Amino acid sequence: MSWKPEVFVEGKWSRNGLVFATKEEALASARDLQWRWLLVEGVRATEVDEPVNYRWVDGKLEAVAAS
């Protein structure tokens, strides 16, 4: 189980290629996008079945090495 951040923009949920190990990390990433994008109306974290490729450390993204 892993988590993707999503933002609600122009009537639809959008996501990027980031995948996190925890819901909290995915939400932190989505909130970070919300601060940088102008038209975000909401944020959420969606559970996915994809390999983790990032983590959120001290307020910053950090790539996770592929295993």
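The values are calculated or read from the model by the stated rules, or taken from the named source; none is laboratory data. Source: prediction; values computed, not measured. Cβ coordinates were reconstructed from backbone atoms using ideal geometry, including for glycine residues, and neighbour counts include every protein chain displayed. Protein only, heavy atoms only, side chains kept; ligands, DNA and RNA dropped before computing areas. Shrake-Rupley method; radii C 1.70, N 1.55, O 1.52, S 1.80 Å.
One table, with the values for the structure above:
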quantity	calculated
Residue match in the range 4-19 (condition: touching a helix residue (DSSP H, G or I) at 6+ places or on another chain (Cβ under 7 Å), at pLDDT 95 or above and over 18 Å from residue 64 (Cα atoms))	yes
Residue ID - most open to solvent (accessible area, probe 1.4 Å), chosen from residues in the range 33-58 that are over 17 Å from residue 1 (Cβ atoms) and in contact (Cβ under 8 Å) with a residue 12 or more places away in the chain	41
Cβ pairs under 6 Å, 6+ apart, first in the range 11-23 and closer than 15 Å to residue 62 by Cβ, second of a type in the set (A, V, I, L, M, F, W, C) and at pLDDT 95 or above	19/52; 20/3; 20/26; 21/52
Only listed residue being among the acidic types (Asp, Glu), part of a helix (DSSP H, G or I) and either within 12 Å of the chain's Cα centre (by Cα) or crowded, with 18+ Cβ neighbours inside 10 Å (or both), chosen from 24, 6	24
